[in-house]
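The values are calculated or read from the model by the stated rules, or taken from the named source; none is laboratory data. Because the structure is predicted, anything quoted here is derived from the model rather than measured. Cβ: placed from backbone, ideal geometry, glycine included. Neighbour counts: every protein chain shown. Just the protein is used for accessible areas: all its heavy atoms, side chains included, with ligands, DNA and RNA removed. Shrake-Rupley method; radii C 1.70, N 1.55, O 1.52, S 1.80 Å.
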Amino acid sequence: EKGGHEYFMLKEIAEQPQAIADTLLGRLTDSGEIMLDEVRLSDQDLRDVDKVFIVACGTAYHSGLVAKYAIEHWTRIPCEVELASEFRYRDPVLDRSTLVVAISQSGETMDTLMALRHAKAQKARVLAICNTNGSTIPRESDAVLYTHGGPEIAVASTKAFLTQLVACYLIGLHLAQVRGNLYADEAGAIVEQLLKTPDKIRELLAGIEPVRQLARELKAAPTVLFIGRHVGYPVALEGALKLKELAYMHAEGFAAGELKHGPIALIDQGTPVVCVVPSPAGRGMLHDKIVSNIQEVRARGARTIVIAEEGDTAVLPYADHVIYVPRTPTLLAPLMTTIPLQVFACEIAAARGHDVDQPRNLAKSVTVE
Ligand code: M6R
């Protein structure tokens, strides 16, 4: 049942190329148009949207944090992301022109369900991104986009995360097209890149062995820190969550720019710091800035583990270890950079003798608030 893999988690990591292909299946036309027939919101409803709220928990929340960058960039609609467990208690400003996107693998997470009920009571439109057909969250939403990732058995979410990202990209592109923010050729170029991701992930997974070796070397580290900028920041949070959840190790993710505002004091001789580096071809000064952050932590004794794009030699002087991932446009990069972090956490947990698929104190779906 594990398809020759030692754990469900490894099987599900390996299934990610197919899972992404399944999320995309039937939703794209050759001319780059996004077809979301199951999204039963009219084009006029989508044109009327003036604010997007994404609500979710855990890993699904991290996918929402990535989605914010893409949705705002493509649609120019303000987008906020909020932990579902916090959302309704602060009386958010919602009305008919608010689109609330509830992201949940299981579709049964009580915090997310209560957030969506609150949004509906305030007349907001609710769109679910969900992996489980017929579950409660999509049933109670105005519309649903299923991720079609297949069952996820391991408690730690892997393929659900990547397919949630893909679903968010599709929604962002669709909203942008309907509202005339993105032209077909621009959307077409992004879609072309999305369609290439399954093969790129296969390539990445074929060369993943060094990550496993490195994980075994670091199994006794007292803490592991993760830093990133832009979409690499939620990836850093996700890498830290996986490590806490599976290896029961202290781990934290930071926005790299925040280091000097406090967390850099944590760096001691040999502290492993995983640095998620954006493409050198990406926007603005992002790449240079994180390279200097890597330099800063290294100067204070950190052991730097750098996740960078193939061909990025600028990181080499400051990296104790480099893990290269295939080239991808900045906004889509989490589809690549997350994967070494999943494998890393899985391997450390196994090396520490833990039950990778059933970590202590956790349930696959959290049906209490
Ligand atoms: O089923 P959901 O996507 O609503 O679950 C949300 C979180 O409980 C879930 O992502 C959790 O954080 C995972 N165990 C993380 O790996």
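Quick notes
- Pairs, first more than 18 Å from L41 (Cβ to Cβ) in the range 106-130, second open to solvent by 10 Å² or more (accessible area, probe 1.4 Å) and more than 15 Å from the ligand (Cβ to nearest atom), C-beta under 6 Å, six or more apart: A115/R88; H118/R88
- Set Q358, Q342: member being surrounded by fewer than 20 Cβ atoms within 10 Å (Cβ to Cβ) and either among the polar types (S, T, N, Q) or closer than 29 Å to K11 by Cα (or both): Q358
- Residues (within 11 Å of the ligand (Cβ to nearest atom) and either farther than 22 Å from A70 by Cβ or at pLDDT below 95 (or both)) located in the range 143-164: E152, A154, V155, A156
- Any hit, the range 178-190, residues being in contact with a strand residue (DSSP E or B) (Cβ under 8 Å, 6 or more places away or on another chain), outside any loop (DSSP other than H, G, I, E, B) and not hydrophobic (A, V, I, L, M, F, W, C): no
Residue-wise test of (1) open to solvent by less than 30 Å² (accessible area, probe 1.4 Å); (2) within 18 Å of V356 (Cβ to Cβ); (3) not in a helix (DSSP H, G or I).
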position	(1), (2), (3)
P234	yes, no, no
G239	yes, yes, no
F254	yes, no, yes
P278	yes, no, yes
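- Residue match in the range 327-334 (condition: more than 18 Å from A60 (Cα to Cα), away from the ligand (no atom under 16 Å from the Cβ), outside any loop (DSSP other than H, G, I, E, B) and touching a helix residue (DSSP H, G or I) at 6+ places or on another chain (Cβ under 6 Å)): no
- Conditions (1) within 18 Å of A333 (Cβ to Cβ); (2) among the hydrophobic types (A, V, I, L, M, F, W, C); (3) in a helix (DSSP H, G or I): number failed by L259: (1)
- Filter result for the condition that a residue is surrounded by fewer than 18 Cβ atoms within 10 Å (Cβ to Cβ), among the small types (G, A, S) and under 24 Å from L182 (Cβ atoms), over S97, S63: S97
- Answer from E186, E140 - the residue that is open to solvent by 10 Å² or more (accessible area, probe 1.4 Å), more than 19 Å from H62 (Cα to Cα), modelled with pLDDT of 95 or more and more than 22 Å from the chain's Cα centre (by Cα): E140
- Number of positions in the range 101-137 that are on the phi > 0 side of the Ramachandran plot and either within 8 Å of the ligand (Cβ to nearest atom) or modelled with pLDDT of 95 or more (or both): 2
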